[in-house]
Amino acid sequence: MNFLNLGLGEFLAMAGVISAGLVALYLFDRTRRRRVVATLRFWTPSETSSQWKRSRKVQQPWSLLLQIVSMLLLLLAIAGPRFGGNFSPRNHVLILDTSAWMGARTRQGILLDQAKSAALSYLDRLPSSDPVMLVRADALTTPITAFEPRHQIVAEAIRQSHASASALNLQQALDFASHAQHLQSSRAGEIAFAGAARISKDEAESLAPPTNFRLLQIAANGENVGWKKLGLRRSITAPDTWEAFAAIKNDGSRPRDVSVELISGKTTLATKTLTVAPGADSSATFMFKLPAAGLLQARVRSADNREDAFPQDDRVALDLPAQTTAHVIVYSNDPESLRPLFAGHPQFETSFRPTASYDPAAQADPAAQTSIVVLDRFIPSKPFPQQNVLWIDPPPGSPFAIHSTQANAKLDRWHADSPLAAGLNTKDLQLASAKVFELTKDDQAVAETSSGPIVIARAAPTKMVALGFQPTGASMKYQLATPLLIANILRWMAPDTFRTWDMQAATVGAISVPLAKGTDTAKLRVTGDRNRALPFTIQNSAEGDTLHFFAGAPGTVHLLDGDRDTIYSVTLPDIGEAAWKAPATVARGLPRLSAPITSGTNLWPWLAVLGGLGLLLEWILFGRGTQISAASLTTAARWADKIPWRKAS
Amino acid sequence: MPDRPDRARPEKAIIDNALLERLERLAIHWQKSLPGLVGGHNASRFTGSGQEFLDHRQFHHGDDVRDVNWRAYLRLEKLFMKMFQLEPRIPVRIMIDTSKSMMTGGEKGPSKFDYARKLAASLCYVGLVRLESICLNPFSATLGDPLVVSGGRNRIQSAVRFLTSLTASGSTDFLSVVRQFVSRYPQRGVTFVISDFLDDADCEKPLQYLADFGHEIILIQVWSDSDREPPWDGELELEDAETGRVVQLPFGEDVRGSYTAAFDQYSAKLRTVALRNGGRYVGLSTSVAVEDAIFGPLLRSGAVQ
């Protein structure tokens with residue numbers, strides 16, 4: 001006899017709990033109860049008091065016994081016992097390898113198709129009543145079905161499986177399968193794996209399959225050369241030039257000659273031929289010009305005309321961003337003094353104009369291309385410019401209220417909390433003359449003397465900075481703080497111009513990024529598609545901090561660290577480094593065809609009926625049914641009296 | 001138009017306007033001929049300045065000559081006095097049991113105490129509508145402070161407030177209560193006693209004592225279903241609500257019937273006391289709505305008509 005729904009341990013545990021609960025309820029029901037009554041004059045003890053006193057604990061043992069037996073019979077019916085036959089179902093877990101490598105082509109076809117075929121054959125060999133759980137395994141372990149006795153559902157799920165873009169994590173899948181079998185009460189069957197079992201070297205060394213493991217391994221000896229890594233960054237010296245670092249891997253067994261090409265549109269930007277040793281990597285660097293934004297395609301082509309088994313990793317696409325250029329117009333009658341400060345940055349296009357050529361209509365247009373307007377000791381006619389404005393030594397009439405003009409002003413303090421004063425430090429700097437401004441609630445002081453602020457910034461409605469002195473004056477001309485202050489102002493007003501990009505082609509799955517020393521981890525942000533934040537962790541170690549995040553599907557991930565934006569184009573499929581060599585003790589291939597199943601006799605309906613009858617009997621004999629049955633007997637007798645019975649004689 | 005009590009919104013917890021409207025058509029009725037001032041609605045054997053001729057009698061010195069039947073004198077040359085039937089106004093007194101036993105047995109439905117208060121308020125309103133003078137007397141071990149209301153239906157509010165303010169406490173001592181009652185109220189009248197009459201001492205003797213003093217007693221026994229037929233089985237620890245005495249005993253189906261029979265026998269004794277003295281007895285279960293009780297058993301008993 002065996003149980004279909006409950007294990008013996010579960011049945012005994014539940015039976016114990018139910019029995020204990022019944023006894024507790026029974027004793028609670030029979031405990032003496034306190035009642036407050038109006039008078040005691042009518043109360044007389046029951047004639048059965050002596051009997052109750054003798055068995056004070058369990059006053060009606062047969063009632064209790066009948067209840068317990070009936071409940072156990074019902075529980076037994078729920079357990080689903082079968083008697084006779086060779087019906088003994090086992091729970092099997094079928095793990096289907098859907099990692100990226102399963103999309104590889106061999107002479108026999110695509111690996112995943114072979115794995116599906118093996119899995120379906122395995123399913124056919126199992127007894128028809130054995131429940132099977134299908135699990136798709138790549139970087140994640142995903143159960144597709146529960147333990148399903150209808151094998152056609154499992155077969156349909158196998159047929160609908162596709163290769164993913166991530167590598168196989170076999171240990172995780174095996175742990176999941178063992179845990180799932182452990183949670184079931186029925187006997188555990190096999191854990192079968194159908195796939196190429198291409199995993200990382202570390203995992204291959206430590207992988208410990210369970211004793212009930214069966215391997216349906218698909219041979220995968222295809223030759224493959226593909227991208228391992230591609231990194232790009234803009235050249236520091238020339239904004240329209242990119243530097244690229246490429247790494248090519250050879251997963252095959254022979255050395256390969258490959259041609260590496262970088263293409264934008266129909267233009268080949270760079271090309272190089274490499275020889276990659278089997279099981280090794282080969283790298284190369286490129287430098288090419290791409291002034292506009294665009295899609296960069298990086299290809300690996302076989303130079304020796306050999307077929308590549310896994311073409312998915314032969315091509316990488318990176319979306320290169322455009323370099324932002326800021327336009328600066330300086331209205332000054334002394335442009336030569338300001339030219340070194342504003343014309344030194346390659347990403348700023350600066351034009352110098354005399355103050356007389358100021359056109360208020362053009363500058364009042366918010367859609368004008370100008371990013372920053374510099375007004376050197378000059379008040380333009382209204383309306384004032386709608387762009388970001390740097391006011392140098394503004395005369396009265398500017399948006400900034402001047403409190404006083406201080407001669408021989410000593411610059412006492414830079415406000416370090418302001419981004420405009422970042423890195424600025426001067427000592428005993430005395431200005432021949434400086435205007436002291438009055439701060440409003442929108443203003444932020446950047447530098448001040450003893451009389452008040454002489455450099456202030458205003459963030460709304462447009463960004464404005466007022467310098468109360470001439471930065472190219474005699475006292476400031478040779479100070480290092482002067483170009484730094486102007487650079488800080490330009491960075492604050494046009495932050496996109498200072499943004500730097502690094503492009504990386506990465507594989508789907510877990511990605512680790514080593515962080516530079518001094519990185520403020522609190523400011524780090526990792527965003528995925530549609531600017532959605534991705535969870536990440538930072539691992540601290542003696543070698544330095546490492547940021548980890550997981551990208552389960554192809555896409556683009558941004559790692560933002562201040563002005564630095566590292567873009568990960570997660571488009572490369574992740575492939576395990578080696579095919580797992582299973583121990584010799586592991587069962588391989590398809591199992592023997594199972595014997596036909598005879599289901600035996602199903603006992604649960606009889607047990608359910610018996611349990612119900614037991615409860616009904618208890619209710620009639622000991623419960624309120626006694627009153628009803630007595631009343632019904634009385635009523636029946638009364639009706640019988642009314643019937644004009646005739647004597648038989 | 002007089003101010004009706006439903007507009008004055010008496011306490012909703014005790015009595016509602018729908019019941020009050022139905023009660024308007026009722027009147028308290030008594031059987032005994034009781035002396036009293038003119039203005040009642042029940043006939044009395046006592047003669048007085050009524051409208052309906054009752055009898056003749058011989059003239060005696062001191063009689064009012066206005067009542068001499070001069071026609072008879074001219075024919076017979078004898079002085080006869082005309083006597084008229086009196087319809088006196090007599091005091092109606094309602095005694096309400098406020099002992100702790102009235103709070104027992106209220107698991108399903110209202111407690112006996114709430115039921116008695118609602119019944120008393122209803123009877124009070126019936127009396128007020130007929131311009132009776134109603135005296136509400138709470139009692140437990142002693143007779144409590146009374147409230148006398150008269151002057152029509154508008155005074156029901158004060159009666160309801162008085163009844164609402166009552167609390168159930170203490171034990172019942174009918175003998176002491178009746179002694180205080182007869183000494184406090186020498187004028188005979190109709191006396192409603194609303195109680196469960198469930199005290200350890202025998203209350204038949206005090207009730208007889210009350211009737212002997214000429215009061216017309218109308219006993220309204222209120223019980224809960226668990227008072228008459230306890231639904232419990234097994235080992236019970238019973239506590240007397242008034243005395244606090246505790247008794248442990250087994251109880252079951254075999255003695256439930258005898259318990260109910262004893263209770264009914266006790267109620268029958270109360271009925272006998274009431275009927276023997278020209279009064280009435282009504283037994284009411286709290287499972288019966290007050291409205292149904294008034295227009296059912298109470299009306300049939302003749303206490304109200």
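Subtract the Cα-Cα distance of B:S165 and B:V148 from 0.36 nm times their separation in residues, and report this length gain in nm to one decimal.
4.6 nm
Which distance in nm do the two modelled labels at A:V17 and A:N531 give, with both placed 7 Å along the Cα-to-Cβ direction?
Rounded to a tenth, the inter-label distance reads 5.1 nm.
Just B:E237, B:E52, B:E132 to compare: in a GNM of chain B, with alpha carbon springs under 10 Å, which one fluctuates most?
Evaluated over chain B, the most mobile residue of the options is B:E237.
Roughly how tilted is helix A:625-642, in degrees to the nearest 10 and between 0 and 90, from the longest Cα axis of chain A?
Between the helix axis and the principal axis of chain A, the angle is about 50 degrees.
Just want to confirm a number: the relative contact order over chain A, from Cα pairs under 8 angstrom separated by 6+ residues, in percent. Don't jump to the answer; show the numbers that get you there.
Working: 1317 pairs, mean separation 97.1, N = 649.
The value is 15 percent.
Determine which lysines satisfy two conditions relative to A:K463: a Cα distance under 29 Å, and not lying fewer than 8 residues away in the same chain.
Reachable lysines: A:K382, A:K410, A:K427, A:K435, A:K441, A:K477, A:K523.
Dipole of the protein assembly as shown, Cα-centred, from +1 at each Lys and Arg C-beta and -1 at each Asp and Glu C-beta, to the nearest 20 debye?
Details: 102 positive and 95 negative charges, 557 e Å.
Approximately 2680 debye in magnitude.
For A:K517, which aspartates and glutamates qualify as cross-link partners when the Cα separation must be under 13 Å and same-chain residues fewer than eight apart are set aside?
By straight Cα distance, A:K517 reaches A:E543, A:D545, A:D561.
Need one number: % antiparallel among DSSP beta bridges in the stretch A:326-495, to the nearest 5. Kindly include the intermediate steps, with their values, before the conclusion.
Numbers: 19 of 38 bridges.
Bridges in the stretch A:326-495 are about 50 percent antiparallel.
How big is D for chain B, in µm² s⁻¹ as a whole number, if Stokes-Einstein is applied with the Kirkwood radius of its Cα pairs at 4 °C and 1.567 mPa s?
Values: Rh = 21.2 Å.
The diffusion coefficient I find is 61 µm²/s.
Looking at chain B as a GNM with Cα springs under 10 Å, which of B:P231, B:P110, B:P250 has the largest mean-square fluctuation?
With Cα springs under 10 Å in chain B, the top fluctuation among B:P231, B:P110, B:P250 is at B:P250.
Modelled label-to-label distance, A:T440 and B:L74, 7 Å Cα→beta-carbon offset: nm?
Using points 7 Å along Cα→Cβ, the separation is 12.3 nm.
Output ³J(HN,Hα) for the stretch A:268-278: one whole-Hz value per residue in order, computed from phi by the Karplus curve 6.51 cos²θ - 1.76 cosθ + 1.60 with θ = phi - 60°, and x for Gly and Pro.
Result, ordered by residue: 7, 7, 7, 8, 7, 10, 10, 10, 10, 6, x Hz.
Which of the three applies to the stretch A:277-347, rounded, prolate or oblate, going by the alpha-carbon gyration tensor with a ≥ b ≥ c and a/c under 1.5 meaning rounded? Walk me through the numbers before you get to the answer.
Details: a/c = 5.93, a/b = 3.52, b/c = 1.69.
Prolate, since a/c reaches 1.5 and a/b exceeds b/c.
Calculate, for A:E349 and A:K382, the FRET efficiency according to 1/(1 + (r/R0)^6) with r their C-beta to C-beta distance and R0 25 Å; round to the nearest 0.05. Please report the intermediate quantities before stating the final value.
Details: r = 27 Å, r/R0 = 1.07.
With a Förster radius of 25 Å, E is 0.40.
Using only Cα atoms, find the angle between the long axis of helix A:8-30 and the longest principal axis of chain A, and express it within 0 to 90 degrees, rounded to the nearest 10.
With both axes taken from Cα atoms, the answer is about 70 degrees.
Count, for each residue of B:222-229, the Cβ atoms from other chains sitting within 10 Å of its Cβ, then give me the mean as a whole number. Walk me through the numbers on the way to the answer.
Working: counts 0, 1, 1, 0, 3, 4, 1, 0.
Other-chain Cβ atoms within 10 Å of each residue's Cβ, averaged: 1.
Based on the Cβ-Cβ distance from A:S206 to A:A416, what FRET efficiency comes out when R0 is 45 Å, to the nearest 0.05?
On the way: r = 51 Å, r/R0 = 1.14.
It comes out at approximately 0.30.
Compute the separation of the alpha-carbon centres of the stretch B:124-139 and the stretch A:538-571 and state it in Å as a whole number.
Here the answer is 91 Å between Cα centres.
What does the extension gain come out to for A:T546 and A:T521, with contour length at 0.36 nm per residue minus their alpha carbon separation? It would help to have the intermediate numbers written out before the result.
Details: separation 25, 0.36 × 25 = 9.00 nm, distance 1.03 nm.
So the extension gain works out to 8.0 nm.
Positive end of the charge dipole of chain A (Lys, Arg +1 and Asp, Glu -1 on Cβ, about the Cα centre): tell me which of A:T275, A:V557, A:L411 has its Cα farthest that way.
Working it through, the farthest residue towards the positive pole turns out to be A:V557.
Compute the FRET efficiency between A:R187 and A:R233 as 1/(1 + (r/R0)^6), taking r as their Cβ-Cβ distance and R0 = 45 Å, and round to the nearest 0.05.
Values: r = 59 Å, r/R0 = 1.31.
The calculated FRET efficiency here is 0.15.
Who wins for biggest fluctuation among B:G252, B:G109, B:G234 in a Gaussian network model of chain B, springs between alpha carbons below 10 Å?
Its mean-square fluctuation being the largest, the pick is B:G234.
Taking the alpha-carbon centroid of each part, what is the distance from the stretch A:458-512 to the stretch B:203-223 in angstrom?
107
How big is the gap, in Å, between the Cα center of the stretch A:106-169 and the Cα center of the stretch A:245-317?
34
5 Å is the cut-off here: which amide hydrogens, built 1.01 Å from N in the peptide plane, fall below it relative to B:T98, excluding neighbours closer than 5 in sequence?
Those lying under 5 Å, H to H, from B:T98 are B:F139, B:S140.
Report, by chain and number, residues whose modeled amide H sits under 5 Å from the one on A:A188, excluding near sequence neighbours (fewer than 5 apart, same chain).
A:N91
Please name which of B:F174, B:S301, B:F251 has its Cα lying farthest along the dipole of chain B towards the positive end, using unit charges on Cβ (Lys, Arg +1; Asp, Glu -1) and the Cα centre as origin.
Most positive-ward Cα: B:S301.
List the aspartates and glutamates whose Cα sits under 18 Å from the Cα of B:K82, skipping any in the same chain fewer than 8 residues away.
Within the straight-line limit of under 18 Å, B:K82 reaches these aspartates and glutamates: B:E52, B:D55, B:D63, B:D64, B:D67.
Given Cα pairs under 8 Å that are at least 6 residues apart, what percent is the relative contact order of chain B? Write down the numbers at each step before the final one.
Numbers: 581 pairs, mean separation 57.2, N = 305.
Relative contact order, chain B: 19 percent.
Is the shape of the stretch B:142-279 best called rounded, prolate or oblate, per the rule: a/c under 1.5 gives rounded, else a/b larger than b/c gives prolate, else oblate, with a ≥ b ≥ c the square roots of the Cα gyration tensor eigenvalues? Intermediate results must be reported in sequence, preceding the final value.
Values: a/c = 2.18, a/b = 1.67, b/c = 1.31.
Prolate.
If amide H atoms are built 1.01 Å from N in the plane of the peptide, which residues on other chains or at least 5 residues away come under 5 Å of the amide H of B:S287?
B:D225
Report, to the nearest 10°, how far helix A:61-79 tilts away from the longest principal axis of the Cα atoms in chain A, using its own Cα long axis and a range of 0 to 90°.
So the helix axis and the longest Cα principal axis differ by about 50 degrees.
If I stretch the segment between A:S259 and A:F622 completely, what's the gain in nm (0.36 nm per residue apart, minus their alpha carbon distance), one decimal?
Details: separation 363, 0.36 × 363 = 130.68 nm, distance 9.26 nm.
Gain on extension, A:S259 to A:F622, equals 121.4 nm.
Is the protein assembly as shown rounded, prolate or oblate when judged by the Cα gyration tensor, a ≥ b ≥ c being the square roots of its eigenvalues, rounded requiring a/c under 1.5 and prolate requiring a/b larger than b/c?
Details: a/c = 4.57, a/b = 1.78, b/c = 2.57.
Verdict is oblate for the protein assembly as shown.
Taking θ as phi - 60°, what are the ³J(HN,Hα) couplings along the stretch B:171-185 by the Karplus curve (6.51, -1.76, 1.60), each to the nearest whole Hz, with x for Gly and Pro?
For the stretch B:171-185, the Karplus-derived couplings read 10, 9, 9, 5, 5, 5, 5, 5, 4, 5, 5, 5, 7, 6, 10 Hz, x marking Gly and Pro.
Over 18 Å between Cα atoms, which of B:K100/B:K269; A:K229/A:K249; A:K201/A:K581; A:K116/A:K201; B:K118/B:K205; B:K32/B:K112 qualify?
Distance filter (> 18 Å) returns B:K100/B:K269; A:K116/A:K201; B:K118/B:K205; B:K32/B:K112.
A:T285 versus A:H403, label points 7 Å from Cα toward the beta carbon: distance in nm?
For A:T285 paired with A:H403, the spin-label model returns 5.4 nm.
The numbers here are math on the coordinates, done by the rules we state, and not lab data. Since this is a predicted model, take the numbers as computed values, not measurements. Methodologically, a virtual Cβ is constructed for each residue, glycine included, from the backbone with ideal geometry; neighbour enumeration extends over all protein chains shown.
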